[in-house]
Amino acid sequence: MVALVVLAPIGCGEHAGSTAPLPAKDSGDPRVDRALELIAASRPDEANVLLEEVLDGSPRDARALLYAGVAQQRAQRPAAAIPYFERALALEGGPPEIDQVHHFLGWSLLDLGRLEEARRAFERHLELRPDAADSHFAIGRIDLEEGALDAAAVRFRRAIELDAGNPRRRSQLAKCHVRLADVALLRDRLDEALEELQRAVELDPRMHQAQYRLHRVATRLGREREAADALAAYERWRPR
Amino acid sequence: MRGALAAMLLAGVALACATWTSCDATARPALHLEDVTGTIGVGVTVVSGRAPSSEILEVKGGGVALIDFDSDGDLDVFVPNGATLDDPESGPGARLLENLGGLRFRDATEAAGIRLRRWSFGVAVGDADGDGLDDLAIACFGPDVLLRNAGGRFEDVSADAGIGSPAWGTSCAFVDIDSDGDLDLYTTNFVEFDPRRPPPRGRYMGVEVMAGPAGLAPVHDVLLENLGDGRFRDVSESSGCRAVPPSTGLNVVTLDIDGDGRQDIFVANDSMPNFLFRNLGGGRFEEIGARAGLALNADGAAQASMGIAVGDVDGNGLADFFTTNFSSDTNTLHVNLDGATFEDRTAPYGLGIASGPFVGWASAFADLDHDGDEDLLVFNGHVYPEAASGLLDAEYEERPLLFERRGPRFELARPGSAGAWLGARYRARSAALGDLDGDGDVDVVFTELNGPLHVLRNDAASRAGSAWLIVDLEDRTGGNRRGIGSRVTLIAGERRQTRWIHGGGPFQSASWQAAHFAVPNPPAEATIEIAWPDGKPQSARVTGWNSRMTVSR
């Protein structure tokens with residue numbers, strides 16, 4: 001039985017990785033299982049201590065390498081994460097979830113501004129798992145950064161299709177709508193942006209980044225009441 | 001065996017050439033600057049406390065200014081310089097480098113009578129007393145300073161001029177707030193800090209690091225009105241600039257942002273919302289940063305804003321702002337949509353993700369490769385000596401970023417592709433841009449924290465094949481002789497290029513006060529349109545390419 005550990009959403013900036021579910025099979029080493037719990041509990045440095053212990057004894061433990069990379073990524077240390085992912089990918093016959101290494105590697109590369117390498121990592125992940133919504137989303141982010149608005153919109157919509165109706169993915173769906181709003185704004189389509197942001201805050205009212213955007217767009221459209229409501233929601237949920 | 005190794009190496013070189021297309025030294029790319037620091041004739045080390053830094057006072061570094069102090073037509077270099085925690089009033093002293101031509105300098109500090117040794121940060125250049133000579137305003141840890149230029153020699157007139165805010169000043173900018181023709185002065189202040197009682201160390205990303213700015217009390221900025229003769233009075237309260245919370249001000253630029261003929265003030269704050277003071281006239285301002293969309297980034301996050309670059313990235317004739325920020329964040333491009341509304345368009349211009357690992361400081365737009373559009377230069381360096389890629393997601397010494405404008409986007413130049421300096425790592429902080437060698441293109445000076453002043457020579461004018469034009473303004477109607485706060489637009493055929501001669505600079509610094517343009521395939525006739533600081537328009541015919549022209553009123 002595969003237990004799914006959904007890692008905490010990072011936010012609209014998508015910094016430090018994805019929200020992709022990280023499958024946690026029984027690793028045979030309780031320290032690895034415990035490390036995964038710590039990562040999910042936003043305690044990546046403690047996880048890393050455990051994982052380093054495992055890797056000291058078993059430097060080719062693919063799961064420990066994968067999770068050590070994820071722990072570094074969640075601690076906002078993408079440069080430190082990459083060697084773990086690369087070591088995991090260099091192993092032959094890794095565990096079934098090893099394909100996700102490409103995805104997490106992609107986010108680390110993206111955080112370091114290495115766009116082309118990141119794109120290749122996400123594309124490799126999609127070759128292995130074509131329905132991985134997060135990698136479509138990530139490539140959309142790269143497209144957006146490269147000014148390819150049409151391509152970005154296609155990726156975000158594909159990610160929405162793949163996650164539609166999944167109650168566990170509401171936050172990620174909201175992010176996709178936020179990014180579609182960004183595309184619409186760049187095309188000066190304010191009404192379209194407004195609709196996307198309305199969908200985003202409906203899916204995840206606590207997404208303060210979406211609320212702030214909604215406030216800005218509603219203000220520009222003269223929808224004062226909606227702008228004020230969004231600003232109040234933003235103020236309520238933004239980090240202090 | 002050795003032969004096989006050599007063959008492999010050669011194969012590697014061939015591959016590299018195919019990949020990078022820049023192996024032929026004679027076929028340099030147009031975007032190229034040469035670090036000539038070692039040949040300028042003078043070495044300057046910018047002091048900023050101990051190395052490695054242990055307190056926040058030590059990490060901002062010192063500013064730099066380009067000023068023609070001796071009125072000989074070329075740009076000299078002023079470095080305010082810092083001090084140390086044990087004696088903030090008595091550092092090694094400011095330095096003035098006289099330009100001898102050919103990018104050679106000599107130390108003119110003593111000859112010019114400069115004896116400033118207080119820990120100094122930002123610097124502004126302007127004719128404070130309206131005598132036709134550029135003076136120096138300096139933001140200090142301790143009382144700020146005004147050095148009056150008395151014909152190539154400087155006098156400290158701070159006390160008589162009413163300058164001397166005791167707070168920790170970081171940057172300053174001259175601005176004519178009331179359109180009376182003289183230059184007023186805005187100074188950003190940072191936080192309260194007592195070197196004798198430093199705060200306990202804090203934590204960042206799980207690592208013990210120096211304290212601040214969180215936990216230290218922010219300080220109000222200061223706005224001083226020029227009484228017309230180089231004496232100032234504090235109008236911070238009456239102007240409305242104190243109707244905001246105390247702030248962690250690090251940088252400021254001044255120009256007419258909304259095109260209403262009044263000078264506005266944009267303030268970059270560290271880890272709190274930026275300010276946009278809209279000039280209401282009559283010496284009054286209202287803070288509209290949040291309303292205008294300049295206070296926060298697209299996510300609604302306050303950033304650690306430091307550098308400010310001013311340019312017109314979308315060609316609508318309105319000033320856009322690029323701000324540099326901390327690591328694990330992105331720099332931000334705020335595009336001015338209509339004079340009243342800004343939108344964060346960092347990502348589609350290609351300026352976001354690349355900046356993630358960097359702590360950005362000085363930043364400036366300039367057409368460095370003379371292809372008719374402005375490129376973007378960003379200097380970086382972390383504040384925490386503990387920084388390492390495996391620890392804090394960033395290195396302590398970081399390479400600069402150079403974004404070449406290509407069509408609708410900016411593309412990050414590869415490390416080293418525009419000169420070895422672009423691949424080197426620095427503790428860079430401030431920078432100033434101007435044509436130091438009078439060859440028609442824009443050179444760069446930048447400072448390092450507890451490191452040397454660097455000079456980057458640009459030879460684009462002789463390489464690129466484009467025409468160039470430098471426009472100086474001369475305003476004889478008042479003391480703002482160089483027209484600080486003016487907008488200059490070149491109309492050449494179908495193309496319009498807009499520049500601002502703004503107050504404030506890339507970071508704690510003052511670039512030259514001129515407008516530089518490059519025009520590939522220049523038409524025979526072209527026009528310059530000026531909007532003077534008070535908004536009054538003026539047009540002038542371009543009298544010739546590859547030249548410097550002055551527009552007067």
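The values are calculated or read from the model by the stated rules, or taken from the named source; none is laboratory data. Values in this document were obtained by computation on a predicted structure and should not be read as measured data. Cβ: placed from backbone, ideal geometry, glycine included. Neighbour counts: every protein chain shown.
The table below gives the values:
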read-out: Considering residues of region B:38-59 that are of a type in the set (A, V, I, L, M, F, W, C) and touching a Ser or Thr at 6+ places or on another chain (Cβ under 6 Å) only, the residue farthest from residue B:380 (Cα to Cα); value: B:46
read-out: Selection within region B:467-495 - farther than 29 Å from residue B:430 by Cβ and surrounded by 21 or more Cβ atoms within 10 Å (Cβ to Cβ); value: B:467, B:492
read-out: Selection within region A:130-151 - surrounded by fewer than 21 Cβ atoms within 10 Å (Cβ to Cβ) and either part of a helix (DSSP H, G or I) or more than 13 Å from every other protein chain (Cβ to nearest Cβ) (or both); value: A:130, A:131, A:149, A:150, A:151
read-out: Residue under evaluation residue B:185, criteria (1) out of contact with any Lys or Arg (no Cβ under 6 Å at 6 or more places or on another chain); (2) in contact (Cβ under 8 Å) with a residue 24 or more places away in the chain; (3) surrounded by fewer than 24 Cβ atoms within 10 Å (Cβ to Cβ); (4) of a type in the set (A, V, I, L, M), criterion not met; value: (3)
read-out: Residues being out of contact with any helix residue (DSSP H, G or I) (no Cβ under 7 Å at 6 or more places or on another chain) and either closer than 17 Å to residue B:270 by Cβ or modelled with pLDDT under 95 (or both) - total across region B:310-338; value: 11
read-out: Residue among B:108, B:139, B:124 that is farther than 19 Å from residue B:221 by Cα and in contact with a strand residue (DSSP E or B) (Cβ under 8 Å, 6 or more places away or on another chain); value: B:108
read-out: Matching residues, region B:379-416, being more than 13 Å from chain A (Cβ to nearest Cβ), under 21 Å from residue B:443 (Cβ atoms) and out of contact with any strand residue (DSSP E or B) (no Cβ under 8 Å at 6 or more places or on another chain); value: B:416
read-out: Of the criteria (1) within 12 Å of another protein chain (Cβ to nearest Cβ); (2) crowded, with 18+ Cβ neighbours inside 10 Å, which one residue A:62 fails; value: (1)
read-out: Answer from B:323, B:332 - the residue that is within 12 Å of another protein chain (Cβ to nearest Cβ), touching a Ser or Thr at 6+ places or on another chain (Cβ under 7 Å) and crowded, with 21+ Cβ neighbours inside 10 Å; value: B:332
read-out: Qualifying strands (runs of 3 or more DSSP E) (wholly inside region B:470-542; at least 3 residues being farther than 20 Å from residue B:279 by Cα and touching a residue at least 24 places away in the same chain (Cβ under 8 Å)); value: B:486-492, B:495-501, B:515-519, B:526-531
read-out: Search result, residues across region A:205-225 that are more than 17 Å from residue B:293 (Cβ to Cβ) and more than 10 Å from chain B (Cβ to nearest Cβ); value: A:205, A:206, A:225
read-out: Tally of residues being under 17 Å from residue B:187 (Cα atoms), among the charged types (D, E, K, R) and more than 22 Å from the chain's Cα centre (by Cα) across region B:116-165; value: 0
read-out: Sole residue being within 14 Å of chain B (Cβ to nearest Cβ) and either modelled with pLDDT of 95 or more or surrounded by 24 or more Cβ atoms within 10 Å (Cβ to Cβ) (or both), chosen from A:81, A:75; value: A:81
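Residue-wise test of (1) surrounded by fewer than 24 Cβ atoms within 10 Å (Cβ to Cβ); (2) touching an Asp or Glu at 6+ places or on another chain (Cβ under 6 Å); (3) assigned to a loop (DSSP other than H, G, I, E, B); (4) away from chain A (no Cβ under 14 Å).
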residue	(1), (2), (3), (4)
B:233	yes, yes, no, yes
B:237	yes, no, yes, yes
B:268	no, no, no, yes
B:297	no, yes, yes, no
B:306	no, no, yes, yes
B:317	yes, no, yes, yes
